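The values are calculated or read from the model by the stated rules, or taken from the named source; none is laboratory data. In this text, all values refer to a predicted model and were calculated from it rather than measured experimentally. Glycine gets a Cβ as well: all are built from the backbone with ideal geometry, and neighbour counts include every protein chain shown. Only protein heavy atoms, including side chains, enter the accessible area calculation; ligands, DNA and RNA are left aside. Shrake-Rupley method; radii C 1.70, N 1.55, O 1.52, S 1.80 Å.
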Amino acid sequence: MSRLFALVSLVLFITNCAALAVLPDSTQPREATPVARAIEPSASAGGLQVKFRAKGKIYFGTCADPNTLNIASNTNVLKKDFGQLTPENSMKWDATEPSRGNFNFGNADTLVNWATSNGKLIRGHTLVWHSQLPGWVNNINDRNTLVCVNLRQNPLEMKVLISSKLQTTVIQNHAQSVAGREIFNEDGSLRSSVFSRVLGESFVTIAFQAARKADPAAVLYINDYNLDSANAKVRGLVNLVNRVNQANPGTIDGAGTQMHLQANGAGGAQAALNALAAADVKEVAITELDIVNASANDYTAVVRACLNTPKCVGITVWGVSDANSWRSGSNPLLFDRSYNPKAAYTAIINML
Ligand code: XIL
């Protein structure tokens, strides 16, 4: 009887895995053993996505939102070169619930629909963050309200719980979601925010468990900035991930480093990725890359670091063209203001 049960379970397991897995392509070396994504990203031959994928990585992505999806020269580049999109602002809490109970998913819907109809993976961004947080959340002082009410109404869960349209598209697309981010000070201690003030460190586990329940298919990441070398902040994050996953195995799937770098700032990228990959996570990623002046050397150093890290599954650059970058003044991206590829783009393509 128990053998029969075991067999049935195994069959169910295999059936589920088969339904979810990215189909193996024997011509492609698979370096990492990441969580399976349901879609194979679509892009053009010769572009960043296809070449990076051929090296065994899953995606080369960027951020977008309706303001950049309205620009034809931008979407031409997205279609050709990128396999993954992160909403730049539209899923942040101040965008989705500016006042309590008042939801606005219009821009997030536009992003998800565009990504889905163009075959791009999505990274949700972001669930728990001290910034771009509406005042009404900042003013919450009691544990029960913050946990029981607000964690059910946040940007990540809204994708899966509140809008049924989004629920369908996001689950089919196997969204890769960023659950917790920017929660550390530079010395590796926990940053002060409404979440840490009211809930202490437990907010991390609470947020990840809520996200897991809302979308069991999502790949859940912890993500932060200034994780650009093997520094104290990296050690703080690694220790926290290990504590959380030891107490509740499988809570956090991945660790992300944003990498908003200065010129000549790529020297520590490999050490940072090595340290993050040594944590108790299935995979790591570079989630918001941009580099002041965008030198070819800096960009290729970061891309090489991901290539050399078996657990590194993908790179997301924080925008396409310098014209639309949040650091526009420092020209940190791979395409110039006319959407033409810059030297760093060509250097990456040649390297791949
Ligand atoms: C930035 C956006 O690019 C800007 O448009 C917005 O005004 C501020 O936020 N780390 C993050 C991103 O996780 O969400 C931030 O994006 C850049 C820093």
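If I ask for residues that are open to solvent by 20 Å² or more (accessible area, probe 1.4 Å), modelled with pLDDT of 85 or more and out of contact with any Leu (no Cβ under 9 Å at 6 or more places or on another chain), which ones from the stretch 216-229 would you list? Once the filter is applied, which keeps residues that are open to solvent by 20 Å² or more (accessible area, probe 1.4 Å), modelled with pLDDT of 85 or more and out of contact with any Leu (no Cβ under 9 Å at 6 or more places or on another chain), the stretch 216-229 yields Tyr225, Asn226, Ser229. For the stretch 90-131, a residue qualifies if it is within 17 Å of the chain's Cα centre (by Cα), more than 15 Å from the ligand (Cβ to nearest atom) and surrounded by 20 or more Cβ atoms within 10 Å (Cβ to Cβ), and the qualifying residues are Val112, Ala115, Lys120, Leu121.
Quick one: in the stretch 256-314, which of the residues that are acidic (Asp, Glu) and in contact (Cβ under 8 Å) with a residue 60 or more places away in the chain is nearest to Asn242 (Cα to Cα)? The residue in question is Glu283. Of all the listed residues (Thr257, Thr346), the sole one being within 16 Å of the ligand (Cβ to nearest atom) and on the phi < 0 side of the Ramachandran plot is Thr257. Given the condition open to solvent by 30 Å² or more (accessible area, probe 1.4 Å), more than 28 Å from Phe208 (Cα to Cα), away from the ligand (no atom under 16 Å from the Cβ) and of a type in the set (Lys, Arg), answer yes or no: does some residue in the stretch 311-321 qualify? No, every residue in the stretch 311-321 fails to be open to solvent by 30 Å² or more (accessible area, probe 1.4 Å), more than 28 Å from Phe208 (Cα to Cα), away from the ligand (no atom under 16 Å from the Cβ) and of a type in the set (Lys, Arg).
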